[in-house]
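Nothing in this text is a laboratory measurement; each read-out follows from the coordinates by a stated rule. Here the structure is a predicted model, which is why all the values come from computation and not from measurement. Using ideal geometry, Cβ is built from the backbone for each residue, glycine included, and neighbour counts are taken over all protein chains shown.
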Amino acid sequence: MNAVSSPSERPIVTYASPPSFLTSPEWANIRQALRETHLPLRNLHWKPASRPSLRTIQQVEIDLRPLEMGSRPSVDQTGSARPSLGGEGGTERSMLPGSFLEKPFLNIFFVSCEDADTYKTTIRKQIKDWHSLVVSRKTQEWVIVLVMKPDPATGLARSSTGAGRLFKMGGTVLDKIRSDFNTNKRDRCVQLSRPSFPTPDDPSLWSDLISKIKDGIITSFDSRVTQREEEIKTSEGMRTLPGWNFCTFFILKESLANSFEGMNLYEDALIQYNELEASFFQVLKERNLSFFGHLGATAYYDDSASVLSTTTKPYRDLILANTISVFDFRVYVFARQGKLMARMGRLGEVLAKGFEFVRLMGRWLGENPDALAHNFIESWIYSSCMNIIETCQEWKLNLPPNNTSHLSAVSTGANGSTSTLNGEIVEKEKLVLTNKGELYQLARTQLSKLGRQYGHLPNAYPFSTHSSLSIVKPSPDSSSGADRPITRRDLVAALETKESFDVLFYRITEMAIECLSRVGKERSTLDLIGGLATLDEFRDRLPSAYDRYRALSIRANSYSWTPMEAFYLIRLLELHRVLSKPIDSAWVGRALSFLRALVKIGEVGRLAVWEGNGEDESDREKESGLRKFVDRCLNDIREAGKHFEKDLPVHDHEAFSVKLQSPKQATGPLRGQEDGCNLHLLVQNHLPCTVTVDDVRACLSGHELEQLWFTSGKTELKHGDNVVCVFCPMPVSGLFSLEVSQIRLSKVAFHYVWLPSKASDVSERTVVRIPRDYKALNARLTPALDLRLDSRPVVLLHLISGRNQVTKATVALQVTENELVLLMKEAQVISGVVATFSTEQDYLIVEGVQPDTTVVISVPYRGAPKGAALPQIRISVDYWTQTRPSQRRALRKTRPLDLFLPLSVNVHDIFREHCLLSKFTISSGGNQHLRVASANLAGAQKTLEIEGCRNAMSPMIHVTPNQPGNLLFRLTQKDRNSKKHDPLQMTIKYRILDDELFFMIQTIVSPLLASHNLVEFKSWLAKTMIIFIKATPGWANRFITAGSIDFPDVDENDIRGSCNQLGLGEEDFKKILDTWERAVEILDDSVTPEVGPDMPWRTLQIPVDMPTRQVISVVKLSLSTSAPYRVGQPLKCLVTITCSSAWSGGPMLEDLPMCYDLEVEFEHWLVSGRKRGTFVSKENEPFTATITLIPVHSGSLMLPPIQVTPSSHQSSPLTSAETYITNAAQSVEVLPMTGRATFVIGLSGDGPNKHNSCDSSAVHPNGIEV
């Protein structure tokens, strides 16, 4: 029977009627219309009490059959024979329960009667006899149907209600029937109009009847399910009692499953078999197999019989007789489960369940092999896998479109929403293909085992892999069934010849590949392709095998290698050699992939892979052979790399690993006799042989993104750990991070990157501290200490040879991102001995520098720094030494060059008749504190006499950002007739306070750090201590005035935080901390060490042009009125103006029109007369004018100023003039004015006409006495 067709057992509905009606055409029409139009029933809803959700039966077929009225069967109160739980078979009729679909669910009585008298005399007795029969069956329902004639005119049913009905008798008869037989509130009587053909399918005619049929079936079904579940529960509760039989329990529970199946409730039926399977496993676990005849699997066709067929053997009869074997029982249960899942359209689950069933059964058979025939297990597993696939393919052809017909049972939630049991079509098809592929794979494995036994396949990898089933072969003593042959025909035919075997093997493998590749099972697909490649190699089809191996290696490149994949690569490389193919970059890639796989599988895996090569050798011979193979691959890689045009980078290959010898930080030890440093690397060779590499390299990067390459030359790397010393000839120092390392085989470079995964994660960096080599060559740039603003500026390049006898050095200076231009062509050696010195446009060439020599070269520049940023100078020195003439060494460093002046100078000139006063103001050029030792103004000694207000004994001037320093000079002309003066020059000798502090602290910490061999950190330590000192308010004032430093308390964690950038170890940090504490003790002493004479002074020479004025006007105001002076008193004032050209720098211009202007403040003075006027000036001839001044208020009043300028009405070449008032500081004491007045004041105490007079003297607020 087709598994997806409707079940053979269907709910039974009986019908009965008077004989005359059953033979009438009306009944034939009713039966035909019911079967053709309204069956099967659809959308039946069942809400069982023992289940949480509502079951909706989409459709169900019913078996409509007549009720036999002849004799009443002997039944109990339930209407069915009570099962015998003893497990013994009956005599003629089995007492074990079957499906309760065997008994009718509903009984229907059809009657056609429109006459009440006929009903009373005849029909009622017939109905009563039928009724008495069916009501005795308590699990069966009944319905009485009154059939009425249609209206002849319309062909429709006649109305049995309402005022216009033509036939009232029908309604009367129906009422009588209800009155006679409805014993409870439930209405079991329904009216049906006779169908009018050819249109018998009017739904309104049948709705009441179909509804009654559905309700009757569901009611009867629910009561029977409840009763059967109680029986099952009772039987299961007796499980531990003596006499309980599992087979009897199985039949009882299966009857419920069969009933669910008949009602198209496949999911509920499947649950019953799943529970039965779980119960069987429990029995199997308890080893209580007395209910079964034997283990089984001994019949002739058991190795090839279909495991999805329930008709291969009389399984149910064997269960009833308690003679079924365990093997047959498990096959039967699986077959029933598979058919139920197939009816639900879940073929993917059938295949998955079949794969698991075959796998577990194969393992169980392997544990009990004694009674099995030779190769029974392999044949049964192969046959079962193929049968399951073939059966599911047949079932799939019978599935309705979209799998809708078999989805007869749907679970409905409480909200009424319906969810189908099947998923998406694509996902279901993917599940089918996946499980089909796995079944094909399992069948192919059994075919490989049989092929090895019959000599069709080699007993080697991949055909010799042990199955996960752990099958145990029958012992030689067990002869039971040993002579039974394999009965699977295609399998028997394939084992006869190699050609037939290959055809079947290829077919099974390719079908598995097709299924698994379509669902993305790349891993399994590669396994299968590898098996075909191995078979081609075994059959000497080498080109085909090579192509398969090559395709396999390409497809598996993105996956992790397994022992199987390593074996395929071995075969690929070996076939490459056998076929004499060229060794190119593609071959190198495959060889490197093989080495990676070989390392990943480990030592045990390597031996297993080499064992899979088919050679029967001892472990020592295997290891030796594998080492030779790997060594040959490495040699071929090296030879192939020699012909590459450029390097072939190989990133993070597992063949090697490189790390520093110290896990966190490594110190590069210096070479004592030459510049450069060593670095010790721990190189791990994970290959099973010794590898000779051309070079081991390591690249370090610093904070300036400079790269240092350390190399080793040709090195031999043994298996395991190797300490390799690499050398860099660059004289560098500081902290570097290990960026990349390389191991080179000719042009094949194994790269290992050390940079962290995130740029911000500095903790992952591998830090290397290279100490400074004070005997190595060094170069630095400094601004000139002596700066002349009237000449081209220069920077000083200091080239320090150190221990080296430099034969040649090229120096290049490059300014980054600034408008500063270094004039290398004009550079000059200003100190130091060199053999030859030459300049080019962009670099300098120095030759013949002896050891311990410092060559100072001045390099002019033009332009100025752009913006506030300091220009960055890249210093590049390539040099060669006497010890290694062919070794080019390089020094690369980038340093900022501070060319900004730390101070600014402003001058203010005050002209007098016979001298000139110049006030120079020195201000800080930022936040710098300066100490000025001296400031001299010189020049024009023949014509000028220059006197400063400070002498050699005066203290130094301290300039702060808020307090500038002032210098005053008086210039007197020696010859007043001399008009021309040479330019002046201001020379300032100063030091920056930060430089003094740094020099002093560095002097203190240098010997302390030298005792700890950490002298290279003296600059860093001095700068760090200065940061904490400058964080203390008032540090500069204390250092300037008292020369002392009040060092703040610094927590150890703050010092540790500052040291983190150095990457120091704990021991070095303790040395730094000790130096810090000792330096603080020295600084906190009452007497702070002074800055010694070694601290250089800076000098700044500024050219100063001689200031000039065309006219100096000397003004004097003279009061002719004698004191005392009072407010309001007019005062005569004589204005005398004398013009001079002593500071004009040229001849005096005669008859020069001049203008004077008296600038009066009217809140002090009132002016009468000409406050503004013009005159013609002559050399040293005074001009006078008289004006009247009136003081406005009393007090000390300054005389009003007067300004004399050239007349603007004249076309004069004069550009400058200055007015000097000789008595500008003179003040006038003004007294208040006094006077007398008489007032008459009335006194109220003496009456209205009384007056009193008095004299009073007062001073007016404006100074007038009243």
Point to revise | Filtered trypsin sites (Lys or Arg not before Pro), region 561-661: DSSP coil and at most 16 other beta carbons within 10 Å | key: 642, 646
Exercise for review: Given the peptides 1166-1176, 38-48, arrange them by the average over their residues of other C-beta atoms within 10 Å, most packed first.
Suggested key: 38-48, 1166-1176
Study note, to complete from the structure: Expressed as a percent, the portion of alpha-carbon pairs in region 1111-1231 spaced more than 20 Å apart is 43
Practice item. Determine the principal axes of the Cα atoms in region 223-267, then give the extent along each, sorted from largest to smallest and rounded to whole angstroms. Key: 36, 20, 13
Exercise for review: Report the trypsin sites (Lys or Arg not before Pro) located in region 779-877 that are in a DSSP loop and have at most 14 other Cβ atoms inside 10 Å of their Cβ, or state none.
Suggested key: 866
Review point. For labels at residue 1046 and residue 886 in the simple 7 Å Cα→Cβ model, what's the distance in nm?
Key: 6.7
Review point. In nm, to one decimal, how far is the residue 1155 label point from the residue 635 one, both placed 7 Å along Cα→Cβ?
Key: 10.9
Point to revise | FRET efficiency, residue 835 to residue 1054 (Cβ-Cβ, R0 45 Å, nearest 0.05) | key: 0.30
Exercise for review: List, in order, the whole-Hz ³J(HN,Hα) value for each residue of region 568-584 obtained from phi through the Karplus relation with A = 6.51, B = -1.76, C = 1.60 and θ = phi - 60°; use x for Gly and Pro.
Suggested key: 4, 5, 4, 5, 5, 5, 5, 5, 4, 6, 5, 7, 6, 7, x, 8, 10
Practice item. Using R₀ = 30 Å, calculate the FRET efficiency as 1/(1 + (r/R₀)^6) where r is the Cβ-Cβ separation of residue 374 and residue 394; round to 0.05. Key: 0.45
**Study point:** Approximate spin-label separation residue 972-residue 489, in nm, with each point projected 7 Å along Cα-to-Cβ
**Key:** 14.4
Check your understanding: So which of 285/449; 919/1023; 498/600; 233/428; 339/436 end up more than 28 Å apart, counting from Cα to Cα?
Key -> 285/449; 919/1023; 498/600; 233/428
Check your understanding: Roughly speaking, what is the stretch gain from residue 1170 to residue 172, that is 0.36 nm per residue apart minus the C-alpha to C-alpha distance, in nm to one decimal?
Key -> 344.5 nm
**Study point:** Normalised contact order of region 778-896, rounded percent, pairs of Cα under 8 Å and 6 or more residues apart
**Key:** 32
Revision key, fill the gap. Between the residues 957, 985, 1004, the Cα farthest towards the positive end of the dipole of region 902-1094, that dipole coming from +1 and -1 charges on the beta-carbon of Lys, Arg, Asp and Glu, is from 985
Point to revise | Net length gained if the chain between residue 540 and residue 207 were fully extended (0.36 nm per residue, minus Cα distance) | key: 112.2 nm
Exercise for review: Using only the alpha carbon atoms of region 867-936, find the Kirkwood hydrodynamic radius as the inverse mean reciprocal pair distance, in angstroms to one decimal.
Suggested key: 17.4
**Study point:** Calculated from backbone phi, Karplus (6.51, -1.76, 1.60) coupling profile of region 638-655 in Hz, x at Gly/Pro
**Key:** 5, 5, 5, x, 5, 9, 6, 6, 9, 5, 9, x, 10, 8, 6, 6, 6, 5
Practice item. Please work out how much length the chain gains when fully extended from residue 116 to residue 1013, using 0.36 nm per residue of separation minus the C-alpha to C-alpha distance, in nm with one decimal. Key: 309.8 nm
Revision key, fill the gap. Here the Kirkwood hydrodynamic radius of region 902-1094, Cα-based and in Å, equals 19.8
Study note, to complete from the structure: Links exceeding 20 Å between C-alpha atoms in this model, out of 714/747; 866/989; 825/893, come to 866/989; 825/893
**Study point:** Translational diffusion coefficient (Stokes-Einstein; Kirkwood radius from C-alpha pairs) of region 954-1027 at 37 °C, 0.692 mPa s, in µm²/s
**Key:** 194
Revision key, fill the gap. For residue 1233, other-chain or 5+-apart residues with amide H closer than 5 Å (H placed, Pro excluded) are 1127, 1264, 1265
